[in-house]
């Protein structure tokens, strides 16, 4: 690496930490964490906010998903999904029920309280994102999103390649 590029890894790392702090700005309260918000959005799967017709008689959104759907769509470990879901259940935000057709499957749905919290959070995040796009510019935002997605894909691919090499070597080291 030449002198001009020697600072790039440090600057990238610094920017990633700054980007991570953004979630603290958006989700800086006791209601729900960033990860919980994402999981709740995935469980919601299209339920219309504030629409009483979208609620079951049991007091929750009529849309549901499964544990496996969450794990696969977010690409996180079983243990991480379990921890997030149990935290949401303790807070009264979701219901976890066995699928009557297949008792091994767990069906997840938002409670009415979960939908309400998600609606409030979504309005807040949407307002902040709308203001961000307004200040940053739509074209710049689209370029940023494309570049960030490409960056994330590259990092993900490198991680997969390293994991594969490690597995092939069988020594658990990179």
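Where a number appears in this text, it was derived from the coordinates with a stated rule and is not lab data. All values derive from a computational prediction rather than experimental measurement. Don't worry about glycine lacking a Cβ; one is built from the backbone with ideal geometry, like all the others, and counts go over all protein chains shown.
What does the extension gain come out to for residue 6 and residue 151, with contour length at 0.36 nm per residue minus their alpha carbon separation?
Numbers: separation 145, 0.36 × 145 = 52.20 nm, distance 1.86 nm.
Between residue 6 and residue 151, full extension yields 50.3 nm more.
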Self-check item: Cβ-Cβ FRET estimate between residue 113 and residue 33, R0 fixed at 22 Å, reported to 0.05
Solution: 0.85
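In which sequence would 88, 110 go, from the one with the fewest C-beta neighbours within 10 Å to the one with the most?
Numbers: 88 25, 110 29.
Listing 88, 110 from fewest to most nearby Cβ atoms yields 88, 110.
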Quiz prompt | Distance in nm between pseudo-label sites at residue 128 and residue 75 (7 Å out along the Cβ direction from Cα) | solution = 2.4 nm
